[in-house]
Structure formats: C-alpha cells, structure tokens
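A.B. asks: My questions will all concern the structure given below.
The values are calculated or read from the model by the stated rules, or taken from the named source; none is laboratory data. If you're wondering where the values come from, they're calculated on a predicted model, not measured in any experiment. Here Cβ is always computed from backbone atoms with ideal geometry, including for glycine, and neighbour counts include all displayed protein chains.
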Amino acid sequence: MIELTGVTKRFDGKKQVTALNTVNLRIDKGEMVSLVGPSGSGKSTLLNLIGGLDKPSTGEIALDGAVLSGLSDDALTKLRRDKIGFIFQFFNLLPTLTCLENVSLPLHLRGWKKAQIEERAHELLTLVGLGKRLEHLPEELSGGERQRVAIARALSVYPPILLADEPTGNLDSATGVEILGLIRDLHERLQTTVLIVTHDKNVAESCARQIALKDGVVVQDRRV
Amino acid sequence: MILLKLISWQYVRKHLLRSLLTIAGIVLGVAVFVGMHTANQSVLTAFTQTVDRIAGATQLQITAGEAGFEEEVLERVQNVPEVRVAVPVIEAVATPETRSKGNLLILAVDMTGDRSLREYALEDGDDSFIEDPLVFLAQPDSIMITQEFAAENGIKSNDALTLNSMDGPKKFVVRGIMKSSGLTSAFGGNLAIMDVYAAQKVFGRGRRFDRIDLAVQEGLRPEEVGKKLEQILGAGYQVESPSSRGKQFESLSSVYGMLANITSLFALFIGMFIIYNSFAIAVTQRRSEIGILRALGATRGQIQVLFLMESAVGGLIGAGLGAGLGVLIARGMAGSLGNLLGEIYGVAQKAEEVSSDPQLLAGAMVLGLITSLVAAWIPARNAARVDPVQALQKGKFQLLTAGENRTRRGLAFLFLVLVGLSLVYGEGRLIFYAGYFLSIFAGVLMVPTLGLWLAKGLRPLLKAIWPVEGALAADSLIQSPRRTSGAVAALALSVSLIIALGGMTQAAYASIEEWLRIALNPDMYLSPSQNLTDRSFRFPAAFAEEVAKLPGVRRTQFVRTVRLPVDGEPVMFVSLEVASIRKEVRLPVVSGDGDKMYAEAAAGRGVIVSDNFALQHKRKAGEILTVNTPEGPLDMPILGTVVDYSDQKGSILIDRAVYEKYWKDDSVNVVRIYLDEGVTVAQMRDRVAAQMGDRYRYFVFTNEDLRSYILKITDQWFGLTYIQIAVAVLVSILGIVNTLTVSITDRRRELGVLQAVGGLRMQIRGTIWLEALTIGAIGLVLGWVFGAVALYYALETSARDLSGMRLEYSYPFRMALVLIPVILGSSFLSSLGPAETAVRGSLVEALEYE
C-alpha cells in the first residue's frame, strides 16, 4: 500500500516553485492507477517521490507502512530494490550492455549468484517476448523492444510496485498499445501495483483508477 | 573578445574545477622550470657575488687551475710595468673549532699591497694596524672577521678564534671587526681575512699562492695587459677577469642545468597532454554550442581563435601561478642545492637569497603560453571543422572514427620506421634526438588504439570480478577513447619516465658500486679535510712520507686531485703513482692495452683518461692531449680509456712524478693506505695519532666511510631526479581527475539509472574507482612498454650529453613492480573526489540529464 499524507514539494531557485501542494493519497495493493495532467502539473514529481528518487519538502510517504523520509540514502535504495520497478519514457538502458546484461543489472546489484541471475533474466526476457534477443545491444532493437527490455529489468525481482513515467511516450501508437497490453498483462498475472504517468488519454482510460493533477493539487480521483 | 566573455567565460565558470585542473599541468611544469633554474641561478649568483665582492677593485686574476704556483711568480707579475698593483691570495674554506655557526671563507692576502684593491673599514674606528700593515703582519695570529659573523657568534675584538690548521689547532686573535660593506657580505658574511703567509701554513700550501689579484695602470685596458701577462707567464697560467670564475662554476654545474631543463620540459610535455585532453573534451561537449555559433554566422576562423584565446588565457594564468610557485620552490631548495653542488664540485659558495631573473620569468611565461597554445591547436582546429548541422544532432562524439584511428596508426608506423632508421644511421646528435622525440610521438599516437585493446582485454576480467561496476567501468573507457586517451598517454609517459630514470639509476648505482669496489679498495684513507671533495687543505709531502714509514703499512699511495683547464673547461686531474696503483687497482679498460697503458703512464709517457672524459670531450686513445702547465705546454698521448667515476665531468690519470715536475706541487689531498695482514684500521688510527700528535691536521676515513660518503652524494644527486618522478606522477594524476570529472558528467544518466534500479552509493563509487584503476592499469602497462624504449634513450643521452657514463641496459623490473601499488594507489586516490561528486547529485536530474 502506498500512502501520501500532506505531501508538498517545493523547488528553490531564484523563484520558489511549488510542484506539489499538500497531496493526500492512498493507493491499495494491486491497483492500476494512471496519473494525468498538463505539463508542470506535478505528476512526474509525484512519481519520483513515491519511487524514493526525491524527497518531499513536507509531508510523509509510506510504502507498506515504511515511512520514506526517515530512511537513509542506502536504506532507501534497498527499499527501492525490493519494492519498486521503474519504467522510463526514454528506456534508460545502458547502451554498452546486452539485453541479458541490462536485465541482470539489478540482480547483480543485489548480489545474487550468477546462475540465479541468468535463470531469472532468461525468464523475464521470455516473459516480455524477447527470449531470442538475449545477446543483442539496445541499439540493435526497435523502440518497442527496448521498452520491453526496460520492463523486464523493472520486473527483475517481481517488485510489488511498478512505476512507469510515460512508458509509451517515445513509441508509435501501435507499439504503445502493445507495451500497455504487456504492462496490463503483467499487472493481472503478478498482482503488481502499477502507477503510470501519461499524457495519453487511451493509456489513462485503460487504468482502473485515474488521478488528475493540476498545479500540484489532485483535482480528480476516479475509478472507472 | 566578446565571444570570449559571452561563451568561454560562462563555460569556465560552469566547469571551474575542471578549468583549474587543466591549468594545473602548466602551473606544475612552469613551477619546476622556474624553481630548479632559479635555485641554480641563486647558487651561481651567490658564487659570483662572493667572487665579485671579494675581488674589490681587482681587474685581473692569475691562476694555474687549482694547482696554485710558487711565490716567485708574484715577483714576475709585479715587475710588469703595466701592472699597477699585484697581490698574492689564498682562498679557502675552514671550519672554526669554537663558537661558530657555519664555515668561514678565509681570504688570505698580503696587507701591504692589498688595500689598493680592497677596503677594510673597521667597526671601532681603530684602523691603526690597518694603517700600518706591519702591525698586522708582525702578529701572524691576526685575523679580521665581519661584523655579521661577530654578531652571530658573539665574538668581540681581541677574542680568540681557533682554526684547525694543517699544523693542528691554531689560535688566532680577532684584531679587527669589519664594518658592513660589499666585501663583508661575501659568502653570507662568513668571511675572515688573514695574512697570506700565515695561511700558507694553515692550509698546507708550502711556499705557494692560489692566485694573484691585480689592477693595471690607469688608462690601460685590462684585456690587453692580460694578454701580455699570458705571454710572459706562459699558457699554463690563466689570466682572466674575476667574473670568468662564475662561468667556470656554471660550466661545472651544467649537468644540473640540463637536468633542470629535462625535468621541466617533461613536466610541461605531460601538462600539454592534460590541456590537449581538456580541450578535446570541451570541443566535443560544446559541439551544440559551436553549432549554434556557426549557425548564427561565426566563421571557422572565429571558432578556432576563440578556443586558442581560451588556451592562451589559461596558459598565461598557469604560467603566472607557476612562476610564483617556482620562486617559492627555489627559496626552499637553494640552500640545500648549494651544499650539494658544493660537495660534488668542491666549490665554495653560500646561497641564502633567491635571485629571480626577470628574463627567466618572462621565458617561463612564454613557455607556458606556447605549451598551452600547442596543446590546444588540434582541438581548436577540430572545433573550427565542426559541421553545424551534425553538431546540433546528438551523437557519439566521444568515439574516435575509424579514419582518425587509421591516420594515427599510419603516422605512428611511419614514425617508428624513422626511429629505426635513426638508430641505424643516428651517429649525429640531431638525428639521435629526432629519433628520440619521434619514438615518443609514435607511442603517444598509438595510445588510443593500444588503450582500447587493453580496455577490451580487461573487460572480461573486470566483469568476472565485479559484474556491474567492472563491466561499466571498462565500457566507459571503451566508449570514450577521446575522453581517456589523453590521461592514459600522460600517465604512460610518466611511467615511462620513471622506468627510464629508475633503470638509469639502477645501472648507475651498479656501475658506481662496482667502481667503488675496484678503485677504492685501500683499507683506510687520510685526508686533510672533513669533506673529501674540499681541496682547501693539503698535506705536505713530508706528512705522507711519514705515514708510509709507519709499521703495519703495506703500501701508501699519495693522491693529488686538481682541476685544470682542458679545452677551456676545468677537468679533474688525478695525480698518483701509477705503477703502485696498477698493483692494487684494475680499472675496467674501455680502450687500449691495460698493462701497456699503465706501464707507459707510470713512465710518464702519457695519460690515461676516464671514459666519461673521452665521451664528453670527444677524445680517443692514441690522440695527443696538450695540457698547459706553468712550465709550458705538455703534450701527452692518451694511452687508453678506463671506467673511472672520480668526477662527473671526467678525469685524467697522470703520474705523480710528471705532475710534480710540471706543476711544482708535491702536496697531497688524500693518502691511500693498504695495511699489512692482521693490522686493523683502529690500530693504524692509533699509530698515526701517536706518530703525528698535534703536528698535523688530518681526518681518518675507513673504506666503508668513503663508500658511504660517495653513495650519499650519489643518493642526493639522484634525489634531484626523483623530483621529476614526483612531478610527472602528480601531473598525470591531475589528468585522471580531469578525465573522471568529465566521465561522471558524461555518465550522469547511466549512474542515475544504476541508483534507480538499486545501486547503493558504495556500488556507484565502485564503478568510478574501477574506471580510475583501469585507466591507471592501462597507463601502467603502456608505460612499462614505453619505458623500455625510454630507458635506452636515457642511457644514450646520459652517455652522450650528461655525465658521459656508459651504463649497461638493464630493465628495472623491481621498480616496475613497485609502480603497481604506486600508480594504482594514486589513480584510486584521484578518483575519490569525482566518485563522491557522482553519488551526491540529484537522482531525478541525473535521470533527466541529456
């Protein structure tokens, strides 16, 4: 369960900008939620805060009861390792590593044994339909295939939460539909909690719950 | 200029640390250049100042090398009508036994005539005995000291000052304290004046003088009078102005000057790579900025000038800072350098003040500027060639194109062929050094290719040990040869320098130790000086003969070492009984027939020269060496060459009988003593003490003492070369820091992804550390290989132009192994800062970083 209580995020610069303003939110285990809103509404900021990539200025975020603001940097990283998988708009694959190596990356960082890692990476790449492209480099793949690799990497330890920032934003519409189908399929099969930040109305509507943000405030929270 | 302010200044402000690191290479190079030269200059200035201040109104000085001459020469000079005044001088350094800090330079003069040349103003105004020199002369224990020396040591008029003379400790009475003047500031104020005839006894000169100081009649030109005196006295006497002594010292210490040049040029050369690397990185990172400028109408020329202006400004700032730092370095090392040069060359001076030469500083600024401009030339040209359309597109700008690599490899191959040809046909100095430099350029051009191969070779190993951190570190290098090759080249060059110097030092030590074993094999030595290179004091022949008669002495050899001019340069003559030496010492023969050459030399029919003399003076066995003696020119065949390291500038072995005959000098610097079996050094020490009592001043050295003294001086000399190593390593470490600083900027997103998918801070640090260690390892391996070539050239340079020592090639494997922890440790240390920067940044910004 993800729970946000009075979360505010301000960015200090020449002029202070409030990206999120006293957001209260609760997302239950196994939900598939879309975060929508115009540019600058605070959706990516919200996703980054939930993923522990950034810290709120005020307020609390708790994942399964663990309050993130009380954790050290390394403790936060460990929590992210075990509970969260990230999918980025620009895939963020490491260009010098093969598909297998990219997917293995989080498992190596966790210190898994080599045989276990290979078995899991094979399994995940097969799951996303890339079982035959294990040794390819990202530059040898299409955009959709790259995003599949990124999804496989995000699922490395089958985390209970999957955070996706515009996962179809850099893909053509047909591939976007295909990737969305894959995420939905994984959500159903693995009972993963999924949060998707999107501009795409179709993507938003495919989620059971839609949260709309505007100027850092939740303006709509509806279940379809 | 406006572009410099709007574009360059903003870039520098944004990348301040990197900009500082870039100019640090120039700072260090220029600092070493200015520091070593200023220190050397200060020592030379101190020496010439001492000479000038002591000279007073002296216009000409007459010497016969260091050998001195008999009293009658003075009369001959005084009888020349063109000479207004001519006075005898003995100049030597003594250590007072009581109440003194430091050595005293004793200027011994004949007070009757000397006041025409030098002014002696006394503190208390009581000039009576100076007014009447006979008062001073009538009391042979008179000595005058300077106000500075008196104040520093708490000495007053009529106090006693004991000097350890050749006849044992001798008490002098301070009969005058000189007021501060030009003369009294000579030798840092540690100056004393005594009667020349008293000094003959103190320093064991017999009835000889060291030199004559003179002034010519009014209206006559000293040069013309000098020529006339040379004609009258013969070529064995040198008639020169006092300032020419400075030139002789400069010539003696020229090896040090060359060493200083090599060190600073090497530091600047490595610094050049750092600048090249920084500018190459800046050009690739600023491609879009260049593209925009070009799109807005900037010409290629304007872009090139912009980058060159940046480098010029950086070069000038670096050179300015370097010059300041250099003066500080000189301040720290002038004193100890003065002592070292004094010990090696046996020349007294006291360098206390640093004299910075404006010409040297201006030269350093120009050197820094040129180095910076040369380094930035290729990146600036590349910047000018940037295609505006491509520049605005994102691309793999850190990769080197296949074409670039082909060109580099082609050039490297061509250079290697030329190097090969230079080795086959490289007798001439120009061809040899051209080959040397081409070999460096060939190596540098091969660095990107070799570095890439090594990085690819290391990747599986790194990945096997550290699957994520290792693989990413290797990939970072494989993907960015443009970013890393400059740092790797700088490091490889530093390592090669260390290998070359290490190999040379190892070979030099081995040769010197072998020479010590062969040449310095007596059981003990007696010397009139505490310092074996100091020739101020000499034993009379009678002393040596008395020692020879002591029971338990199997053999004695009387050695007189003296610098005499050969080809206009002072060369060490070692006069000894050649026949006796042959029985005990077999110096390795380089050319000539061993037994025959010694037999001929013992019969006075020629000289044996050291190999380093032959190399430096381009002389061969069989040639005639003409030496100008007080008795006229002496033509001596060179009977052969041997390995002898008696002096850095080479030595000439001449039989004692010949030396005595032509120089009328039977004094002795060192008595070599071989003991009968069963007699110990301690026993002999007691026997000498019992025999000599307080009649003579002498110091006993055991074989071990002498060896360790020579090895200590050798250590100090090579200590200077270790400065090169420190600077080279420091500059290349700066290169690694610079490269890593850029690397973490380039890899910001990658590092952000690592953290986002679960990488702990320690793991992120790990990948940066491994990148640094991999750069270090590649630089080390390439440096080992380059070092093998550099060692060959270092040994050849040493033989041809430095010491003339022909050393055997022997790769310093132990030093190569020691470098593993040194270079890897330094690389690791250099990565600590960048690694911390990598883990401290905002994760969100890193993931959004383009």
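A.B. asks: Is it true that B:SER708 is out of contact with any strand residue (DSSP E or B) (no Cβ under 6 Å at 6 or more places or on another chain) and away from chain A (no Cβ under 14 Å)? Even if it seems obvious, please write down each step before you answer.
C.D. replies: On the way: out of contact with any strand residue (DSSP E or B) (no Cβ under 6 Å at 6 or more places or on another chain): yes; away from chain A (no Cβ under 14 Å): yes.
It is true that B:SER708 is out of contact with any strand residue (DSSP E or B) (no Cβ under 6 Å at 6 or more places or on another chain) and away from chain A (no Cβ under 14 Å).
A.B. asks: B:LEU824 - would you say it is closer than 17 Å to B:VAL488 by Cβ and more than 14 Å from chain A (Cβ to nearest Cβ)?
C.D. replies: On the way: closer than 17 Å to B:VAL488 by Cβ: yes; more than 14 Å from chain A (Cβ to nearest Cβ): yes.
Answer is yes for this residue.
A.B. asks: Shifting gears a bit: Return the residues of region B:426-480 that are β-branched (Val, Ile, Thr) and over 21 Å from B:ARG409 (Cβ atoms); say none if nothing qualifies. Even if it seems obvious, please write down each step before you answer.
C.D. replies: Initially, region B:426-480 is screened for residues β-branched (Val, Ile, Thr), giving B:431, B:440, B:444, B:447, B:449, B:465, B:468, B:478.
Answer for region B:426-480, where residues must be β-branched (Val, Ile, Thr) and over 21 Å from B:ARG409 (Cβ atoms): B:ILE431, B:ILE465, B:VAL468.
A.B. asks: Could you list all residues from region B:619-641 that are in contact with a helix residue (DSSP H, G or I) (Cβ under 9 Å, 6 or more places away or on another chain), assigned to a loop (DSSP other than H, G, I, E, B) and over 19 Å from B:LYS661 (Cβ atoms)?
C.D. replies: Passing the criteria: B:ARG619, B:LYS620, B:ALA621.
A.B. asks: Looking for whichever is farther than 25 Å from A:PRO95 by Cα, basic (Lys, Arg) and more than 14 Å from chain B (Cβ to nearest Cβ) here; the options are A:ARG148, A:ARG189. Which one fits?
C.D. replies: Answer to the check: A:ARG189.
A.B. asks: With respect to A:ALA154, is the statement that it is at pLDDT 90 or above, within 14 Å of chain B (Cβ to nearest Cβ), under 30 Å from A:ASN21 (Cβ atoms) and buried (at least 23 other Cβ atoms within 10 Å of the Cβ) true? Quick ask: steps written out before the conclusion?
C.D. replies: Numbers: at pLDDT 90 or above: no; within 14 Å of chain B (Cβ to nearest Cβ): yes; under 30 Å from A:ASN21 (Cβ atoms): yes; buried (at least 23 other Cβ atoms within 10 Å of the Cβ): yes.
Taking the combined requirement at face value, the residue does not satisfy it.
Residues checked against (1) at pLDDT 90 or above; (2) β-branched (Val, Ile, Thr); (3) buried (at least 22 other Cβ atoms within 10 Å of the Cβ); (4) closer than 27 Å to B:PHE273 by Cβ:
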site	(1), (2), (3), (4)
B:PRO460	yes, no, no, no
B:VAL468	no, yes, yes, no
B:LEU477	no, no, yes, yes
B:PRO481	no, no, no, yes
B:ALA487	no, no, yes, yes
B:ALA490	no, no, yes, yes
B:ILE498	no, yes, yes, yes
B:ALA510	no, no, no, no
B:LEU526	yes, no, yes, no
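A.B. asks: A follow-up question, please. Evaluate the following for A:ASP82: is it within 27 Å of A:THR18 (Cβ to Cβ) and facing chain B (nearest Cβ under 9 Å)?
C.D. replies: For A:ASP82, the condition - within 27 Å of A:THR18 (Cβ to Cβ) and facing chain B (nearest Cβ under 9 Å) - is not met.
A.B. asks: Sticking with this one: Could you check region B:595-618 and list, in sequence order, the residues that are assigned to a helix (DSSP H, G or I) and aliphatic (A, V, I, L, M)? Spell out the reasoning first.
C.D. replies: Of all residues in region B:595-618, those assigned to a helix (DSSP H, G or I) come to B:595-602, B:611-617.
Hits for region B:595-618 are B:MET597, B:ALA599, B:ALA601, B:ALA602, B:ALA614, B:LEU615.
A.B. asks: Taking region A:105-126 as the search range and keeping residues that are touching a residue at least 24 places away in the same chain (Cβ under 8 Å) and not basic (Lys, Arg), which one is farthest from the other protein chains (Cβ to nearest Cβ)?
C.D. replies: Initially, region A:105-126 is screened for residues touching a residue at least 24 places away in the same chain (Cβ under 8 Å), giving A:105-107, A:109-110, A:120-121, A:124-125.
With the extra rule that they be not basic (Lys, Arg), the set shrinks to A:105-107, A:109, A:121, A:124-125.
On the way: A:LEU105: 6, A:PRO106: 4, A:LEU107: 9, A:LEU109: 5, A:ALA121: 12, A:LEU124: 13, A:LEU125: 16 Å.
Looking at the filtered set, the residue picked out is A:LEU125.
A.B. asks: Pick out the one residue from A:GLY59, A:GLY52, A:GLY37, A:GLY129 that is within 13 Å of chain B (Cβ to nearest Cβ), at pLDDT 85 or above and on the phi > 0 side of the Ramachandran plot. Please lay out each step first, then the result.
C.D. replies: Numbers: A:GLY59 fails: within 13 Å of chain B (Cβ to nearest Cβ); A:GLY37 fails: within 13 Å of chain B (Cβ to nearest Cβ); A:GLY129 fails: within 13 Å of chain B (Cβ to nearest Cβ).
Step by step, each of A:GLY59, A:GLY52, A:GLY37, A:GLY129 is checked, and only A:GLY52 is within 13 Å of chain B (Cβ to nearest Cβ), at pLDDT 85 or above and on the phi > 0 side of the Ramachandran plot.
A.B. asks: Report, ordered by the first and then the second residue, all pairs with beta carbons closer than 8 Å, sequence separation of six or more or different chains, a first member in region B:792-805 that is farther than 19 Å from B:VAL642 by Cβ, and a second member that is assigned to a loop (DSSP other than H, G, I, E, B) and polar (S, T, N, Q).
C.D. replies: none
A.B. asks: Pull out all pairs, ordered by first then second residue, where Cβ-Cβ is under 7 Å, the residues are six or more apart or on different chains, the first lies in region B:468-480 and is more than 10 Å from chain A (Cβ to nearest Cβ), and the second is assigned to a loop (DSSP other than H, G, I, E, B) and surrounded by fewer than 24 Cβ atoms within 10 Å (Cβ to Cβ).
C.D. replies: These pairs meet every condition: B:SER480/B:GLN398.
A.B. asks: Here is a further query. Scanning region A:62-77 for residues that are over 16 Å from the mean Cα position of the chain (by Cα) and not aliphatic (A, V, I, L, M), which turns out farthest from the other protein chains (Cβ to nearest Cβ)? Write out each step before concluding.
C.D. replies: Narrowing region A:62-77 to residues over 16 Å from the mean Cα position of the chain (by Cα): A:62, A:64-75.
Filter once more, so that each one left must be not aliphatic (A, V, I, L, M): A:64-65, A:69-70, A:72-74.
Details: A:ASP64: 17, A:GLY65: 21, A:SER69: 15, A:GLY70: 18, A:SER72: 10, A:ASP73: 6, A:ASP74: 5 Å.
So, considering only residues that are over 16 Å from the mean Cα position of the chain (by Cα) and not aliphatic (A, V, I, L, M), the one farthest from the other protein chains (Cβ to nearest Cβ) is A:GLY65.
A.B. asks: Taking region A:162-181, which residues are in contact with a Gly (Cβ under 8 Å, 6 or more places away or on another chain), aliphatic (A, V, I, L, M) and either surrounded by fewer than 23 Cβ atoms within 10 Å (Cβ to Cβ) or at pLDDT below 90 (or both)?
C.D. replies: A:LEU171, A:ILE179
A.B. asks: Could you tell me how many of the residues in region A:201-220 are touching a Gly at 6+ places or on another chain (Cβ under 7 Å) and either part of a strand (DSSP E or B) or of a type in the set (D, E, K, R) (or both)? Explain how you work it out, then say what you get.
C.D. replies: From region A:201-220, those touching a Gly at 6+ places or on another chain (Cβ under 7 Å) are A:212-214, A:216; that's our starting set.
Then drop every residue that is not either part of a strand (DSSP E or B) or of a type in the set (D, E, K, R) (or both), which leaves A:212-214.
Of the residues in region A:201-220, 3 are touching a Gly at 6+ places or on another chain (Cβ under 7 Å) and either part of a strand (DSSP E or B) or of a type in the set (D, E, K, R) (or both).
A.B. asks: Looking for something among the β-branched types (Val, Ile, Thr), farther than 23 Å from B:ARG208 by Cβ and at pLDDT 90 or above - is there at least one such residue anywhere in region B:560-575?
C.D. replies: In the first step, residues of region B:560-575 are kept if they are among the β-branched types (Val, Ile, Thr); the result is B:561-562, B:566, B:571, B:574.
The next check asks that each one be farther than 23 Å from B:ARG208 by Cβ; those that pass are none.
Looking through region B:560-575, none of the residues is among the β-branched types (Val, Ile, Thr), farther than 23 Å from B:ARG208 by Cβ and at pLDDT 90 or above.
A.B. asks: Suppose we filter region B:741-769 for residues that are crowded, with 24+ Cβ neighbours inside 10 Å, away from chain A (no Cβ under 12 Å) and modelled with pLDDT of 85 or more; how many remain?
C.D. replies: 1
A.B. asks: Looking only at region A:51-102, count every residue that is among the aliphatic types (A, V, I, L, M) and assigned to a loop (DSSP other than H, G, I, E, B) and tell me the total. Write out each step before concluding.
C.D. replies: From region A:51-102, those among the aliphatic types (A, V, I, L, M) are A:53, A:61-63, A:66-68, A:71, A:75-76, A:79, A:84, A:87, A:93-94, A:97, A:100; that's our starting set.
From what is left, the residues that are assigned to a loop (DSSP other than H, G, I, E, B) are A:53, A:71, A:93-94, A:97.
Number satisfying all stated conditions: 5.
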